[in-house]
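Chemist: If you scroll down you'll find the structure; I have some questions about it.
Where a number appears in this text, it was derived from the coordinates with a stated rule and is not lab data. None of these values were measured; they are calculated from a predicted model. Note that each Cβ is placed from the backbone with ideal geometry, even for glycine, and that neighbours are counted across all protein chains shown.
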Amino acid sequence: MNVKLIKLNKNYEKELGEMIDEWKYDIEVNHTNHSPWKIFKNDYHNFDYYLKDLENKEEKDGLVPDSVFFLLDVDRNRLLGAVNIRHYLNERLLKDGGHIGDGIRPSERGKGYGTEMVRLALIECKKLGINKVLMVCDKTNPASRKTIINNGGILENEVIDEDGEIEERYWINI
């Protein structure tokens, strides 16, 4: 597995479009999760704006500063997924968001990329001074649960989110 986390740049505009289009189709057809939300909030066709608005540099409108990375398959030059690292938690994120939001594009799921992406994201968290990471997943999402547990996640509890769904809250000590 020759993968690494990258910051998005103009060189990956085409690959981003292919990944987002595949993912959006899966969301529409199979009603799957659109995590991390940050990569879907803007239209990638306006790439310069998409790139400029991808991360929060400061706390604003209930959103905390964050960093967004994309998982790149180096050998295929293919974007496999994305991870959003929130630099700290506010009250809402402490309940049902956590430090990390992540996702793997549909055609690449079930191959271990999610586990590896979270492992790499935890290294980035450590660089940010985050030593204890909260990750949250839907109780109905066994793949996310497995990814979190594979990276040392310990279940603290379950909460009901604002949509009435049960969320599992895991802590990972780095």
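Chemist: So what's the angle, to the nearest 10 degrees on a 0 to 90 scale, between helix 113-127 and the longest Cα principal axis of the chain?
Modeler: The angle comes out near 70 degrees.
Chemist: Just from its helices, what would the mean residue ellipticity at 222 nm be for the chain, if runs of 4 or more DSSP H residues each count -39500 (n - 2.57) and the sum is divided by every residue, rounded to the nearest 500 deg cm²/dmol?
Modeler: One gets -9500 deg cm²/dmol as the mean residue ellipticity at 222 nm.
Chemist: Same structure, new question: Restricting things to Cα coordinates, could you compute the convex hull volume per residue of the stretch 3-128 in Å³?
Modeler: For the stretch 3-128, the hull spanned by Cα atoms encloses 115 Å³ per residue.
Chemist: Between E124 and N9, what is the label-to-label distance in nm when each label sits 7 Å out along the Cα-to-Cβ direction?
Modeler: So the label points at E124 and N9 sit 1.5 nm apart.
Chemist: Can you give me the angle between helix 13-30 and the longest principal axis of the chain, using Cα atoms only, in degrees from 0 to 90, rounded to the nearest 10?
Modeler: The two axes meet at around 50 degrees.
Chemist: Let me ask something additional. Between V159 and T32, what length comes free when the chain is fully extended (0.36 nm per residue of separation minus the Cα-Cα distance, one decimal in nm)?
Modeler: Between V159 and T32, full extension yields 43.7 nm more.
Chemist: What is the magnitude of the charge dipole of the stretch 63-174 about its Cα centre, with +1 placed on the Cβ of each Lys and Arg, -1 on the Cβ of each Asp and Glu, and no other charges, expressed in debye to the nearest 20?
Modeler: So the magnitude is around 520 debye.
Chemist: How much length is gained if the chain between K111 and E55 is pulled fully straight, taking 0.36 nm per residue apart and subtracting their Cα-Cα distance, in nm to one decimal?
Modeler: Once the chain is fully extended between K111 and E55, it gains 17.4 nm.
Chemist: Three principal axis extents, largest first, for the C-alpha atoms of the stretch 112-159, in Å?
Modeler: Per principal axis, max minus min of the Cα coordinates gives 31, 25, 13 Å.
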